[in-house]
Amino acid sequence: VTGVQTCALPISQFGDRIVGTLRDYMLDDEAPATTRREVPKVLEEIGTSAAQALLIESVLDRDVVLRYHTIAALNRLGQAHPNRATDRKLIESVLAAEVMGHYRSYQVLGTLGALDDPGNPVALGLRESMDKEAERIFRLLKLMYPKYDMHSAYVGMQSADPVVHDNAIEFMDSVLPPEVRGLIIPLFDRDVSTQDRIVAAN
């Protein structure tokens, strides 16, 4: 199979027969990144339990772009097939890694001394990366708590409207277990300063 990224739809029509080959691409660190990053979309289009299992297997990949596409594909498959089992412990491990990575990003911001310098190009790039980290965190929360509208909570916590923001915080406080909300809510509550997040990360 060649050109995964250019013929996703025809490849997906092979169904489970092609999942093994896609696994070889997805787990091969020496394969072109552009090709590997297209595999989650193909697996999503296949949509079978085997395709979903491969996505779960790959959810801890070091390539953050691939990891994002994998988590997004799992989100959509989870909505389409809510009765399928997922590896909750693995998802918890990925969520913990993403949360700790987000805290480390605040540490780096503090080390750069760029907290009050929005024009700093390094800090700007880091904050863009942090936006992606935040989205991955909420997509993982959706996998762990599929009954709750985590997307609306994610949007609400970023809202400039203090009422909408506070309602989202209250919602998260009510649905997450204490050990989870104690780590996640301070990352997105505007009443928690960046410096406080750095201290928590340290």
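The values are calculated or read from the model by the stated rules, or taken from the named source; none is laboratory data. Every value quoted in this text rests on a predicted model; they were computed, and no experiment measured them. Neighbour counts run over all protein chains shown; Cβ positions are idealised from the backbone, glycine included. We work out accessible area using only protein heavy atoms, side chains counted, and drop any ligands, DNA or RNA first. Shrake-Rupley method; radii C 1.70, N 1.55, O 1.52, S 1.80 Å.
Relative contact order for the range 104-165: 17 percent, from Cα pairs under 8 Å spaced at least 6 residues apart, divided by residue count.
Seen from Met150, the other residues with C-beta closer than 14 Å to its C-beta sum to a net charge of +2, counting Lys and Arg as +1 and Asp and Glu as -1. In degrees between 0 and 90, to the nearest 10, how far off the longest principal axis of the chain does helix 88-112 point, with axes built from Cα atoms? The angle comes out at about 50 degrees. With contributions of -39500 (n - 2.57) from each DSSP H run of at least four residues, the per-residue ellipticity at 222 nm computed over the chain stands at -21500 deg cm²/dmol.
The percentage of C-alpha pairs in the range 49-164 whose separation is greater than 21 Å is 44%. Taking the longest Cα principal axis of the chain as reference, the axis of helix 162-175 is set at about 60 degrees.
Counting only protein chain heavy atoms and rolling a 1.4 Å probe, the accessible areas of Glu57, Glu133 rank, largest first, as Glu57, Glu133. Computed over protein heavy atoms with a 1.4 Å probe, the accessible surface of the chain works out to 53 Å² per residue. Solvent-accessible surface of protein heavy atoms, probed at 1.4 angstrom with all chains present, puts Tyr106, Tyr148 in the order Tyr148, Tyr106, largest first. Computed from Cα positions, the angle between helix 64-80 and the longest principal axis of the chain comes to roughly 80 degrees.
Under the criterion of Cα pairs below 8 Å and six or more residues apart, the relative contact order for the range 64-173 equals 27 percent. For the chain, the alpha carbon convex hull comes to 138 Å³ per residue, rounded to a whole number.
In whole percent, and with a 1.4 Å probe on the protein chains, what portion of the accessible area of the range 57-202 is carbon and sulfur? Whole-percent figure for carbon plus sulfur exposure: 55.
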